[in-house]
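The values are calculated or read from the model by the stated rules, or taken from the named source; none is laboratory data. Because the structure is predicted, anything quoted here is derived from the model rather than measured. FYI the Cβ positions are ideal-geometry reconstructions off the backbone, even for glycines, and counts take in every protein chain you see.
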Amino acid sequence: MRRTALAAAVVLAPGCGDSRASGFSTGPGVTSAPQSTSSSNGSTSDGGVEDSSAAASASSAGRLDMGPPPDFGPVQPPGCKGKIDFLFLISSLGTMKTEQEQLLASLPGFLATITATFPDFDTHIMAANPLNKWAGWTCEQPHLCGQTGTCGPNAPDYVCGPDTWLTVTECDETLGAGLTFNAGAYATNERCELYGGHRYITIPGESDPAAAFDCIARVGYSGGDPLMGDALVAAVSPELNGPGGCNAGFLRPDALLVVTMITDTEDDQSTLKPVDWYEAVVAAKGSADSVVMLMITSQMHEGEPPPGCVTVDDDGKALLRDLINLFPYRFEGDTCAPTYVPFFEQAVGLVGEACDSFIPQ
């Protein structure tokens, strides 16, 4: 596993349509989108003053003249208007116990903030399968269900036998398909019944979005090595999102896509490479500016790491980091952070910034 130590944390405007400029401050374990974020026509947010008189005026006012807004032609970008597709890829390795608890504790506040930030909130939320199998088959092995009739002390709600595994569908075993039946140690161990019969949450529509998210995101800690990059490609593919596909209707051309990957290990299982992952996402969305890439992963630490946390001891490039660095809107956090609340608070600002410049494809 190779990771890069990151030290820049972005302080972003909190909402879509907010005209305040973004500032940057230093902080451990996170990095942000570049200070000059490109718009769809290549202009940037750090333009200079138009002429000397404008510069003098800015100086006399005691503040920096940020120059004219990006030139988007005769019509400004329409913005996402609260139409966002959230895609989560969450590792279910045995090392992820602390990380999953942090995620489940942090996400209700994140969703509440997003909802308040975008008044016309229209969203899809999906946790995609990072494996090409159903994790519950681990429970059905002879040493567990076959001998004891249970899936062990960490999966007391799992029901062994055909009453459970006969309900498993092809989509439950498909890489990149939305998860609705997480099984195994510390997992949900029951089918998530989502509004509309989809494999993703829809808001408005879902009566209890927080409970629904807890159901699909509680992936447990008994899965194998995740194929994070290949799962991302599959999750946004026309095959899974088209009519009859496992994720049919999830990915919308007029919605901003926000991808969140949470893993404490390198992706050494995927067959494709970062440039392939990037090209697949851009092909699905039409533009890299239509995507926000978020990742919580292992970082370098000085001294003793927090108990039960995976860290890295070098600053080499990682494949998943190579991927997110290709996108203009990106933000990275540390799996060992004591709470993920600050990460998601800042992620809201980045989503708002991307929303402001979003042009539906």
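Numbers below:
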quantity	calculated
Region 102-119 residues that are over 9 Å from F344 (Cβ atoms), paired with ones that are loosely packed, with under 14 Cβ neighbours inside 10 Å and among the β-branched types (V, I, T) (beta carbon under 8 Å, 6 or more apart)	Q102/T339; A105/T339
Of the criteria (1) among the hydrophobic types (A, V, I, L, M, F, W, C); (2) in a helix (DSSP H, G or I); (3) modelled with pLDDT of 95 or more; (4) in contact with a strand residue (DSSP E or B) (Cβ under 7 Å, 6 or more places away or on another chain), which one L251 fails	(2)
Pair list, Cβ under 7 Å, 6 or more apart: region 260-273 residue on the phi < 0 side of the Ramachandran plot and outside any loop (DSSP other than H, G, I, E, B), other residue small (G, A, S) and surrounded by 22 or more Cβ atoms within 10 Å (Cβ to Cβ)	I262/S91
In region 119-171, residue surrounded by the fewest Cβ atoms within 10 Å (Cβ to Cβ) [restricted to those that are under 25 Å from A211 (Cα atoms) and among the small types (G, A, S)]	G152
Residue count, region 336-351 (criterion: among the small types (G, A, S), farther than 11 Å from T98 by Cβ and either touching a helix residue (DSSP H, G or I) at 6+ places or on another chain (Cβ under 8 Å) or assigned to a loop (DSSP other than H, G, I, E, B) (or both))	1
Flag for L257 being in contact with a strand residue (DSSP E or B) (Cβ under 8 Å, 6 or more places away or on another chain) and part of a strand (DSSP E or B)	yes
Filter result for the condition that a residue is surrounded by fewer than 23 Cβ atoms within 10 Å (Cβ to Cβ) and closer than 22 Å to S106 by Cα, over Y195, Y200, Y186	Y186
All positions within region 194-223 that are within 16 Å of the chain's Cα centre (by Cα) and either farther than 13 Å from I90 by Cα or not in a helix (DSSP H, G or I) (or both)	Y200, I201, R218, V219
Count of residues meeting criterion [surrounded by fewer than 24 Cβ atoms within 10 Å (Cβ to Cβ) and in contact with a strand residue (DSSP E or B) (Cβ under 6 Å, 6 or more places away or on another chain)] in region 348-359	1
Selected residue (only one of V281, V310, V351 is at pLDDT 95 or above and not acidic (D, E))	V281
